[in-house]
Amino acid sequence: MTDVVVTDQAFGGVERERAVAQRHGCSFAEHQLSAADETEQAVNGARVVFTNFAPITESVLSTLAPSAVVIRYGIGVDNVDLAAARRLGVTVCNVPDYGAETVADHTVALLLAVLRRLDIYTQTVRRDGWIDPSRAGAIRSFSESTVGLIGTGRVGRGVALRLAPFGFRILAYDPFIDPAELGEIGIDAVELTELLAEADAVSVHAPLTEANRHLLDATRLAMLRPGAVVINTSRGPLIDQDALIGALLDGRLGGAGLDVFEEEPLRHGSPLRDLPNVLLTPHAAFYSDSSLANLQRLAAEEADRALSGKPPRCPVS
């Protein structure tokens, strides 16, 4: 049995996590796990578990030491069975504030590039030498365009802040936020149907739950105005990927910028790989030197609190 376990990570090193374990006289192990059975074996008896994408199922949680703590590298905790954690007395924490600025940067980069058809221009110039700009499709000026945000947490608000100087009109759907609060920062709160009907670009910034899986399904995607674009840097299953592909293939949508997918890595043979009006990034919106350093530091500090018997900073269960 190992006291402190890293199930998987994307940093290249876990010196902070190892140092916390050593400071408390705990054994330590790091892995790159992706299957529940191997994860279950690796965390058996652990007091603290750091996890990125490894499945933390009920069977995995049941092997942990009493009052164990699971720390998710990042914001979303959809790889953790929270209901089982509550039943078993396992505390689950996330790190919600490590890289919101970086994700907002990446989101805006995707959104602006898709609206300006930069990928189509680049591919065509490389292949054919040049392109008549009109062949890339209609392009509205930013000052005449509306962006709809689904979710207005740290990332959503960061996106709105970055877009404001370009002159975009910003709408948002977020049933958990007071519309007056959004109005104070220049965001018009609307219902989802109104947002979909008026937005030239929709950007998704919601946590994934069973209640909002496929929030943008075929019916809601059909509500978008012709030529609208969709951006997702949150969680892949928030959008029905097959429905999105259909809307892109039949020309109803003008494009998409996707950092997350229903299945990751994106499968070979997916039509998304070949569509010229789709920008793809490999779940990298969080990635910058500063955000990674913040993420590991804050996660390690949470582990230090757990091993010291102190309350967690960011519990979600």
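For region 304-317, the Karplus equation 6.51 cos²θ - 1.76 cosθ + 1.60, evaluated at θ = phi - 60°, returns couplings of 4, 5, 4, 6, 8, x, 9, x, x, 7, 10, x, 10, 8 Hz by residue, with Gly and Pro reported as x. Note on F176 and D250: their simple-model spin labels are 3.3 nm apart, each label 7 Å out from Cα toward Cβ.
Within 10 Å of each residue's Cβ, count the other Cβ atoms and sort I185, I170 from fewest upward. List each step's numbers first, then the result.
Numbers: I185 13, I170 22.
The fewest-first ordering by Cβ neighbours comes to I185, I170.
Amide H contacts under 5 Å for I71: V49, F50, T51, C93, restricted to partners 5 or more places along the chain or on a different chain, H placed in the peptide plane at 1.01 Å from N.
The dipole here belongs to the chain: it is taken about the Cα centre, uses +1 on the Cβ of Lys and Arg and -1 on the Cβ of Asp and Glu, and is about 460 debye. When the Gaussian network model of the chain links Cα atoms closer than 10 Å, the mean-square fluctuations of A160, A19, A299 top out at A19. Extending 7 Å from Cα along the Cβ direction at H268 and again at T209 yields two label points whose distance is 3.9 nm. Per-residue Cβ neighbour counts within 10 Å put S291, S203, S308, S62 in the sequence S308, S62, S291, S203, beginning with the fewest. Among the GluC sites (Glu not before Pro) in region 115-193, those placed in a DSSP loop whose Cβ has at most 11 other Cβ atoms within 10 Å are E184, E191.
Based only on Cα atoms, what mean projected area does the convex hull of region 68-128 have, in nm²?
Result: 6.3 nm².
Alpha-carbon geometry of the chain: the Rg and the Dmax are 21.2, 66 Å, given in that order. Computed 3J(HN,Hα) for region 44-52, one whole-Hz value per residue from the Karplus formula 6.51 cos²θ - 1.76 cosθ + 1.60 where θ = phi - 60°, is 3, x, 6, 8, 9, 10, 9, 9, 10, glycine and proline marked x. On a 0 to 90 degree scale, rounded to 10, what angle separates helix 100-115 from the longest Cα axis of the chain? Result, in degrees: 20.
Derived scalar couplings between HN and Hα for region 246-256 equal x, 5, 6, 5, 8, x, 5, 9, x, x, 7 Hz in order, rounded to whole Hz, by the Karplus curve 6.51 cos²θ - 1.76 cosθ + 1.60 (θ = phi - 60°), x for Gly and Pro. Each 10 Å bin from zero up to the one holding the largest Cα-Cα distance in region 100-280 carries the following percent of pairs: 10, 40, 37, 12, 2, 0. Approximating the spin labels as points 7 Å out from Cα along Cα→Cβ, the R127-to-E194 distance works out to 4.1 nm.
Read-outs: derived from the displayed coordinates by stated rules, not from any lab. If you're wondering where the values come from, they're calculated on a predicted model, not measured in any experiment. All Cβ positions, glycine included, derive from the backbone under ideal geometry; neighbour counts span all protein chains shown.
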